[in-house]
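Asker: Take this structure first; my questions come after.
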Amino acid sequence: MSDEFETALQKEEMKIINHVPEQAVMNGNHSLMYAVIRNLVENSVKYAGKGAEIHIEASRHVSHLELTYYDTGVGVSESQLKRIFERFYSIPGKPGSTEGSGLGLSIVRNAVAFHKGTISASVRKEGGLRFDMEFRR
């Protein structure tokens, strides 16, 4: 994943910190799950700001897998947070960046739902945006 975004991550002085243990396995569509992480990373690169870190964590439980994704960037306002998964809703990007189509987080939500999972977003008090996902095993 980070290879795909290596140039963009370097330009923004960002890094991905992966805390996903090998035993955090789930059954599902690989392409859709890749799209979930890819869209989240793409949004962080586009909106989090220079020097932000991206953290990906997972924990396996008897009945489910918890996946947490967050960045240490600027975050969003509460009013933006309420609409973040709406199709075609787009938050203005950083100066000089291209605005997104507003489909990325809608795709994420639908891909998680396809796997009978749940997703929620929150603003981190330390800064940045956090996504908590849960998938039944």
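Asker: In whole Hz, what ³J(HN,Hα) sequence does segment 42-50 give by Karplus (6.51, -1.76, 1.60; θ = phi - 60°), x for Gly and Pro?
Answerer: Residue by residue, segment 42-50 yields 4, 5, 4, 4, 6, 10, 5, x, 4 Hz.
Asker: Among the listed pairs LYS50/LYS125; LYS46/LYS82; LYS11/LYS82, which are separated by more than 28 Å between their Cα atoms?
Answerer: Numbers: LYS50/LYS125 18 Å; LYS46/LYS82 19 Å; LYS11/LYS82 30 Å.
Violating the 28 Å limit, Cα to Cα: LYS11/LYS82.
Asker: For TYR89 and GLN23 in the same chain, what is the full-extension length gain: residue separation times 0.36 nm, less their Cα-Cα distance, in nm?
Answerer: 20.2 nm
Asker: Using a cut-off of 13 Å between beta-carbons, work out the net charge of the residues near GLU66 (Lys and Arg +1, Asp and Glu -1, GLU66 not included). Each step should come with its number before you reach the end.
Answerer: Working: positive: ARG60, ARG130, ARG136, ARG137; negative: GLU57, ASP132, GLU134.
Result for the local shell: +1.
Asker: Within the set of other residues whose C-beta is less than 12 Å from the C-beta of VAL20, count the net charge using Lys and Arg as +1 and Asp and Glu as -1.
Answerer: Net local charge, VAL20 excluded: -2.
Asker: Which value at 222 nm does the chain reach when only helices count, each DSSP H run of 4 or more adding -39,500 (n - 2.57), with the total divided by all residues and rounded to the nearest 500 deg cm²/dmol?
Answerer: Only helices count here, giving -9000 deg cm²/dmol.
Asker: What is the sum of charges around GLU4, taking Lys and Arg as +1, Asp and Glu as -1, for the other residues whose C-beta is under 15 Å from the C-beta of GLU4?
Answerer: Net of charged neighbours comes to 0.
Asker: LEU32 versus THR7, label points 7 Å from Cα toward the beta carbon: distance in nm?
Answerer: Here the modelled spin labels are 3.1 nm apart.
Asker: Skipping prolines and chain starts, which residues have an amide H placed within reach, meaning under 5 Å, of the one on LEU129, given they are 5 or more residues away or on another chain?
Answerer: Here ASP71, GLY73, GLY75, ARG124 satisfy the definition.
Asker: I've got another one for you. Between ALA113 and LYS15, what is the label-to-label distance in nm when each label sits 7 Å out along the Cα-to-Cβ direction?
Answerer: 3.7 nm
Asker: Please check which bits of segment 102-137 a label hung off SER63 would reach, taking the label as a point 7 Å along Cα-to-C-beta and the cut-off as backbone N under 11 Å.
Answerer: 136-137
Asker: Would you please state the base-10 log of I(q)/I(0) at q = 0.13, 0.21 1/Å for segment 1-91, with intensities from the Debye formula using one equal scatterer on every alpha carbon?
Answerer: After summing over all Cα pairs, the log10 values are -0.50, -1.16.
Asker: Oh, and also: Order 28-34, 8-14 from most to least packed using the mean count of other Cβ atoms within 10 Å.
Answerer: 8-14, 28-34
Asker: For segment 21-137, what is the relative contact order in percent, using Cα pairs closer than 8 Å and at least 6 residues apart in sequence?
Answerer: 31 percent
A short reminder: the numbers here are calculations on the coordinates, not readings from a lab. Since we're looking at a predicted model, the values are computed, not measured. Because the Cβ atoms are built from the backbone with ideal geometry, glycine has one as well, and the counts that use them run over all protein chains shown.
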